[in-house]
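Heads up, the thing below is written out as structure tokens.
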Amino acid sequence: MALGRLIDGKWTTEWTERDDSGQFKRMPTLFHNWVTADGSSGFKAESGRYHLYVSLGCPWAHRTVLLRSLKGLKGAIGLSIVDPVISDQGWKFSTRFGSVPDSLYGSDYLWQLYTRAKADYTGRVTVPILWDTQTQTIVNNESRQIIQMLNSAFDAFAEFPERDFYPEARRPQIDAVMDAIYQPINNGVYRSGFAASQAAYDSAVTELFEALDQWENVLSQQRYLIGEPITLADWCLFTTLFRFDLAYHGLFKANLKRLVDYPNLWAYCRDLYQQPGVADWCSVEHVKQLYYAGLPELNPSGIVPAGPAIAYELPHDRARLSQAPQPAALVS
């Protein structure tokens, strides 16, 4: 998320992620190199070589923080956390709200990392960034690709290498589920919130809740999105669900239902939240500051609401589904 972009290495507040019909159209990420265990990609997995730049408020960056934690990569991959409130120069570094400044270069703004990597860069300035300290460049800024790397490329340095959220035999199914949830749900909340016409909003919000209804039904029969085990697809859905009642229901007008009105999706969200290594990286404060204080187009007053109070720690009773026969996959 960035309300601005770089053009030929110069920051501009020009923002172009809408088409003529008022629909939100997410611009693509542009850094798509890969870190591999053997270095055959040109970027070899090494402890201490790579650094992750994230926002705890952003759902895309949140995925990568969770994988770093779940795999036990704190000692192998450094971390900087931007201020949750987007400034007039995009993401900035500070120590507010427990943010962690840029320990590598002392940057004031995230765009300075993009121009360090490519002086004449044109495009969005987004989190997450996987940075290589050896070649002084951005390896990748696409969250779905970064979480795949964190899942296995760094296993030699991970505390929990046995945790595999992207098992090779299930990858086609996992990929299909991630594709199925992306446009209507992960991106759908943004398509609703940033719609600039009634027709664009109506289309987006309808698709969003049809998809939520569909997965509510699936999760009434199985514990996780592909049945068992927890996979990258679950973490991709979780970061959207975690923010749903905090921000999307109110600010983004995704308000046909709240997450807590979906018994299975809400219990599923709590199940994932309560997995070891997750709750510590789920910041209600960063989420609310990002959306309510950092998006003046949607909330000109900048007032951050007091609520809602959400009990992510409540028992979820999802384990009862672990031994249930697995129904046919929703997508194949």
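The values are calculated or read from the model by the stated rules, or taken from the named source; none is laboratory data. The structure displayed is predicted, hence computed values, not measured ones. Cβ atoms come from the backbone with ideal geometry, glycine included; neighbour counts cover every protein chain shown.
So that you can scan it fast, the table gives a plain yes or no per residue for (1) surrounded by fewer than 22 Cβ atoms within 10 Å (Cβ to Cβ); (2) assigned to a loop (DSSP other than H, G, I, E, B); (3) in the same structural domain as residue 273 (by TED's automatic domain parsing):
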position	(1), (2), (3)
150	no, no, no
179	yes, no, yes
189	no, no, yes
192	no, no, yes
195	no, yes, yes
202	yes, no, yes
215	no, no, yes
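Quick one: is residue 151 in contact (Cβ under 8 Å) with a residue 12 or more places away in the chain and closer than 30 Å to residue 88 by Cα? No.
Per-residue answers, yes or no, for (1) touching a helix residue (DSSP H, G or I) at 6+ places or on another chain (Cβ under 8 Å); (2) under 23 Å from residue 190 (Cβ atoms):
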| position | (1), (2) |
| --- | --- |
| 58 | yes, yes |
| 62 | yes, yes |
| 68 | yes, no |
| 78 | no, no |
| 106 | no, no |
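Looking at the stretch 83-131 only, could you name the residues that are part of a helix (DSSP H, G or I) and either small (Gly, Ala, Ser) or not assigned by TED's automatic domain parsing to the domain that holds residue 32 (or both)? First the steps, then the outcome.
First, pick out the residues of the stretch 83-131 that are part of a helix (DSSP H, G or I): 96-98, 111-117.
Matches in the stretch 83-131: 98, 117.
For the stretch 78-90, check the following and say yes or no: at least one residue is more than 27 Å from residue 288 (Cβ to Cβ) and either at pLDDT 95 or above or not aromatic (Phe, Trp, Tyr) (or both). Scanning the stretch 78-90, I find no residue that is more than 27 Å from residue 288 (Cβ to Cβ) and either at pLDDT 95 or above or not aromatic (Phe, Trp, Tyr) (or both), so the answer is no. Cβ separations smaller than 9 Å between residues 6+ apart or across chains give the following pairs from the stretch 173-192 residues that are under 24 Å from residue 247 (Cβ atoms) to residues that are assigned to a helix (DSSP H, G or I) and of a type in the set (Lys, Arg): 178/144; 182/144; 183/191; 184/191; 189/243.
From the list 309, 279, 211, exactly one residue is among the small types (Gly, Ala, Ser) and closer than 18 Å to residue 58 by Cα. Which is it? Before you say what the answer is, go through the steps one by one.
Numbers: 309 fails: closer than 18 Å to residue 58 by Cα; 211 fails: closer than 18 Å to residue 58 by Cα.
Of 309, 279, 211, the one residue that is among the small types (Gly, Ala, Ser) and closer than 18 Å to residue 58 by Cα is 279.
Test residue 114 against the criterion of being over 25 Å from residue 288 (Cα atoms) and either without any contact (Cβ under 8 Å) to a residue 12 or more places away in the chain or of a type in the set (Ser, Thr, Tyr) (or both), and give yes or no.
yes
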